[in-house]
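Chemist: My questions will all concern the structure given below.
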């Protein structure tokens, strides 16, 4: 799949060149926006952001406002993945406002679902749930099956963080069933991955392992680097729960390397907290205490880490300090 995206990017580069040759900004804007979206699908968020900023410089008021709205929509996705949540909210709100004025219900609902995901990532759970339920209602109203699947998937994430695990599993199952029905193969992996994540969290390790490995295969097949990085984190969690701390550490460290390569700032904390707890369990081995403290410092300074992640890191730091004092 990733090779198809690369071919698409090359084709859009050719269209951009044609637009420049004939001084046709309409062609250039459409090609730049389309190229940026393919780069998002490839996980190249930094490059996508550069392309979208080039497109924005060309967009003028007299042009079709959908150019601008789509630009805002794509930039919101980039900022979300890079962990710049306030910027992401600003961008998606502008897209929602434009689509609402145009009466574009499909696009407005899609943006509301995206906004719910951004709010969830930033820790605003209640507003995320309300926004996603609104988006789901609109998706049902216009019978947009793909959007319904996305809303169920995102609602599942919210319910997981609310520790309403049965509701989360129900949402992920509904999302997967719809995606299988409409043959949305590249997105099924997300539903499967999230099911695995919930099962690991509630201690159903066999089911968590099955779903996580299946998701990893699909992420690799479709060239989803972000998904692969997150699956590595979940495999770290799997082996942590199995008390295979060395293997868990390997997966956590591999996941942070890939996340840093893709500039997935919003997902750094889950890998770093995994490294911290694995090192803590192996703290009697040489160098592990120093490594644990180093990563605790990183989490505490990380603006995309939530309060729970910082609290867990601080708690382990206090335990290390108490153990050190008792040994003196």
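The values are calculated or read from the model by the stated rules, or taken from the named source; none is laboratory data. Quantities reported herein were computed from a predicted structural model and do not represent experimental measurements. No Cβ is skipped: glycine too gets one built from the backbone with ideal geometry, and neighbour counts run over all protein chains shown.
Chemist: Condition first: at pLDDT 95 or above and either touching a helix residue (DSSP H, G or I) at 6+ places or on another chain (Cβ under 7 Å) or part of a loop (DSSP other than H, G, I, E, B) (or both). Now tell me which residues in segment 294-309 satisfy that.
Modeler: Once the filter is applied, which keeps residues that are at pLDDT 95 or above and either touching a helix residue (DSSP H, G or I) at 6+ places or on another chain (Cβ under 7 Å) or part of a loop (DSSP other than H, G, I, E, B) (or both), segment 294-309 yields 295, 296, 298, 299, 300.
Chemist: If you don't mind, there's one more thing I want to ask. Just to be sure I understand the filter: pairs with C-beta atoms under 6 Å, separated by 6 or more residues or on different chains, first member in segment 222-248 and touching a residue at least 60 places away in the same chain (Cβ under 8 Å), second member surrounded by 20 or more Cβ atoms within 10 Å (Cβ to Cβ) and outside any helix (DSSP H, G or I). Which pairs pass?
Modeler: 225/43; 226/43; 226/264
Chemist: On the given criteria, is residue 255 assigned to a loop (DSSP other than H, G, I, E, B) and at negative phi?
Modeler: no
Chemist: Follow-up. Suppose we keep only residues that are farther than 14 Å from residue 51 by Cα and crowded, with 17+ Cβ neighbours inside 10 Å within segment 1-14. Which one would you say is nearest to the chain's Cα centre (by Cα)?
Modeler: 5
Chemist: Within segment 10-28, can one find any residue that is in contact (Cβ under 8 Å) with a residue 24 or more places away in the chain and within 28 Å of residue 230 (Cα to Cα)?
Modeler: no
Chemist: In segment 287-310, is there at least one residue being buried (at least 18 other Cβ atoms within 10 Å of the Cβ) and more than 30 Å from residue 124 (Cα to Cα)?
Modeler: Yes, there is a match, as at least one residue in segment 287-310 is buried (at least 18 other Cβ atoms within 10 Å of the Cβ) and more than 30 Å from residue 124 (Cα to Cα).
Chemist: Of the conditions (1) in a helix (DSSP H, G or I); (2) within 15 Å of the chain's Cα centre (by Cα); (3) at pLDDT below 95, residue 324 satisfies every one except a single condition; which number is it?
Modeler: (2)
Chemist: Sticking with this structure for a sec: Among the numbered criteria (1) surrounded by 22 or more Cβ atoms within 10 Å (Cβ to Cβ); (2) within 18 Å of residue 79 (Cβ to Cβ), which single criterion is violated by residue 29?
Modeler: Going through the list (1) surrounded by 22 or more Cβ atoms within 10 Å (Cβ to Cβ); (2) within 18 Å of residue 79 (Cβ to Cβ), residue 29 breaks only (2).
Yes/no matrix, rows are residues, columns are (1) under 21 Å from residue 200 (Cα atoms); (2) within 16 Å of the chain's Cα centre (by Cα):
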site: 269; (1), (2): yes, yes
site: 273; (1), (2): yes, no
site: 284; (1), (2): no, no
site: 288; (1), (2): no, no
site: 292; (1), (2): no, no
site: 296; (1), (2): no, no
site: 305; (1), (2): yes, yes
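Chemist: Is segment 273-286 home to any residue that is under 27 Å from residue 88 (Cα atoms) and either in contact with a helix residue (DSSP H, G or I) (Cβ under 9 Å, 6 or more places away or on another chain) or touching a residue at least 40 places away in the same chain (Cβ under 8 Å) (or both)?
Modeler: There is at least one residue in segment 273-286 that is under 27 Å from residue 88 (Cα atoms) and either in contact with a helix residue (DSSP H, G or I) (Cβ under 9 Å, 6 or more places away or on another chain) or touching a residue at least 40 places away in the same chain (Cβ under 8 Å) (or both).
Chemist: Shifting gears a bit: Yes or no: residue 43 without any contact (Cβ under 8 Å) to a residue 40 or more places away in the chain and crowded, with 17+ Cβ neighbours inside 10 Å?
Modeler: When the stated conditions are applied, residue 43 does not pass them.
Chemist: Does residue 60 satisfy the criteria of being modelled with pLDDT under 95, out of contact with any strand residue (DSSP E or B) (no Cβ under 8 Å at 6 or more places or on another chain) and at positive phi?
Modeler: no
Chemist: In addition: Mind checking whether some residue in segment 174-190 is crowded, with 21+ Cβ neighbours inside 10 Å, more than 29 Å from residue 126 (Cα to Cα), touching a helix residue (DSSP H, G or I) at 6+ places or on another chain (Cβ under 8 Å) and modelled with pLDDT of 95 or more?
Modeler: Taking every residue of segment 174-190 in turn, none turns out to be crowded, with 21+ Cβ neighbours inside 10 Å, more than 29 Å from residue 126 (Cα to Cα), touching a helix residue (DSSP H, G or I) at 6+ places or on another chain (Cβ under 8 Å) and modelled with pLDDT of 95 or more.
Chemist: State yes or no: is residue 4 free of Cβ contacts under 8 Å to residues at least 12 places away in the same chain and either assigned to a helix (DSSP H, G or I) or touching a helix residue (DSSP H, G or I) at 6+ places or on another chain (Cβ under 6 Å) (or both)?
Modeler: It is true that residue 4 is free of Cβ contacts under 8 Å to residues at least 12 places away in the same chain and either assigned to a helix (DSSP H, G or I) or touching a helix residue (DSSP H, G or I) at 6+ places or on another chain (Cβ under 6 Å) (or both).
Chemist: Let me ask something else. If a residue must be without any contact (Cβ under 8 Å) to a residue 12 or more places away in the chain and crowded, with 22+ Cβ neighbours inside 10 Å, how many such residues does segment 73-106 contain?
Modeler: Qualifying residue count for the region: 0.
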